[in-house]
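Notes follow once the structure below has been shown.
The values are calculated or read from the model by the stated rules, or taken from the named source; none is laboratory data. A quick note: this is a predicted structure, and the numbers were derived from the prediction, not measured. Don't worry about glycine lacking a Cβ; one is built from the backbone with ideal geometry, like all the others, and counts go over all protein chains shown.
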Amino acid sequence: MSRFLHPQYAGLEAYTPGEQPRDRQYIKLNTNESPYPPAPAVLAALTEQDLADLRLYSDPEGTALRAKLTELYGVEPGQVFLSNGSDDILNFTFMAFGADGAVFPALTYSFYPVFANLHGVAYETVPLREDFTLDVAGMQGKGKLTVFPNPNAPTGIALPLDQVEAIVAANPDHVVVVDEAYVDFGADSAVPLLQKYENLLVVMTYSKSRSMAGARLGFALGSRTLIQDLEKLKYSTNPYNVNRLTLKLGQAAVDSDGYFREKAREIMATREKTAQALRALGFTLPDSQANFLFVTHPKVAGETLYRKCKEKGVLIRHFSDPAIAAYNRVTIGTPAEMEAFLAVVQTILKEEGA
Ligand SMILES: *Cc1c(COP(=O)(O)O)cnc(C)c1O
């Protein structure tokens, strides 16, 4: 830290992204990326003219892409907000709507407390139930900005829509953010509730199901006035925060919506097969509606599994939080990658005498 840093940030603990090592080729099951490339139309979308046009600023309104998303999700114009990945949107959300504090689950996306601290938003966390499901009653009527992913991370457990609605309905005077980063892998989206609740903000990303993590594109759907608030902060920070190329790629992805939904179904099928195989090997894991599994084994410590997988060329995600030290989060890759992972796991179980 330099002596120039604003004291407000001196104690800030930054988010730790999943490791992206370059020392060797790994089977990468640690950051919930898609194992499949983006849609063919995305691969073919950029022309030399698009590259030449990089001399120009991007459309700060993302007009063409917003129009396509408006149609795809059946919302009104003015209900779509675009940004540089959904983390960027979550950042604006804590900045915009955290005046009375925030509440989120105790075990969830570890970026939420970072945003809260960054913007001086006091926050409270609600413990999950014993079986890792969200405590819906505990999240209701808090009188604060309320944020949760559906499905939750890193558990992969989804809330049914009526329970999502119960949380939204119980907090009418505060924004409720449903972070749907993983919704395309089998959960119910809260988008149909948008007509009924002006305090609901649904946040989505191109990073997971749409295979475009590196493009950095996220969007939020909400009531017009909520979107206006987010726009105000975006225009006060970085109006051109979605670059020209990404806007164009984003449009191509919407045009081939069926492609990524098909890939999501493949990932879900691989997930179910992998879950079954892991249970047969003695692992315990909740049913996942996401593109990852949250796994523990009674005879192998979580950190050991993580370390030995890495030694053998497979990266999975282990978290420092002592409450989940026994667990690892395993992203669903291709069927071949998951077979390789399962073979490595079997070797480790043998080595550990499990
Ligand atoms: C991956 C993820 C995001 C953010 O993704 P972006 O790449 O910034 O769009 C947001 N929320 C959750 C729960 C995630 O897992």
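Below, the figures for the structure above:
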| read-out | value |
| --- | --- |
| Residue list for region 161-187, restricted to those being of a type outside the set (A, V, I, L, M, F, W, C) and either within 17 Å of the chain's Cα centre (by Cα) or not assigned by TED's automatic domain parsing to the domain that holds Tyr197 (or both) | Asp179, Glu180, Tyr182, Asp184, Gly186 |
| Subset of region 286-318 (residues that are touching a Leu at 6+ places or on another chain (Cβ under 9 Å) and in contact (Cβ under 8 Å) with a residue 60 or more places away in the chain) | Pro286, Phe292, Leu293, Phe294, Val314, Leu315, Ile316, Arg317 |
| From the options Leu221, Leu201, Leu233, Leu194, residue that is more than 16 Å from the ligand (Cβ to nearest atom), aliphatic (A, V, I, L, M) and either modelled with pLDDT under 95 or in contact with a Leu (Cβ under 7 Å, 6 or more places away or on another chain) (or both) | Leu194 |
| Failed item, numbered, when Gly78 is tested on (1) in contact (Cβ under 8 Å) with a residue 40 or more places away in the chain; (2) not in a loop (DSSP other than H, G, I, E, B) | (2) |
| Answer from Val147, Val178, Val168, Val164 - the residue that is in contact with a Lys or Arg (Cβ under 9 Å, 6 or more places away or on another chain), outside any loop (DSSP other than H, G, I, E, B) and either at pLDDT 95 or above or surrounded by 18 or more Cβ atoms within 10 Å (Cβ to Cβ) (or both) | Val168 |
| Matching residues, region 265-284, being surrounded by fewer than 20 Cβ atoms within 10 Å (Cβ to Cβ) and either modelled with pLDDT under 95 or on the phi < 0 side of the Ramachandran plot (or both) | Arg265, Glu266, Met268, Ala269, Glu272, Lys273, Gln276, Ala277, Arg279, Ala280, Leu281, Thr284 |
| Residue within region 291-300 that is out of contact with any strand residue (DSSP E or B) (no Cβ under 9 Å at 6 or more places or on another chain) and either of a type in the set (Asp, Glu) or part of a helix (DSSP H, G or I) (or both) present | no |
| Candidates Ala99, Ala116, filtered to the one that is at pLDDT 95 or above, assigned to a helix (DSSP H, G or I) and either more than 16 Å from the ligand (Cβ to nearest atom) or not assigned by TED's automatic domain parsing to the domain that holds Ala290 (or both) | Ala116 |
| Search result, residues across region 79-92 that are within 11 Å of the ligand (Cβ to nearest atom) and closer than 16 Å to Gln228 by Cα | Ser83, Asp88, Ile89, Leu90, Asn91 |
| Subset of region 181-212 [β-branched (Val, Ile, Thr) and crowded, with 23+ Cβ neighbours inside 10 Å] | Val183, Val202, Val203, Thr205 |
| Residue within region 325-332 that is assigned to a loop (DSSP other than H, G, I, E, B), within 30 Å of Leu82 (Cα to Cα) and touching a helix residue (DSSP H, G or I) at 6+ places or on another chain (Cβ under 8 Å) present | yes |
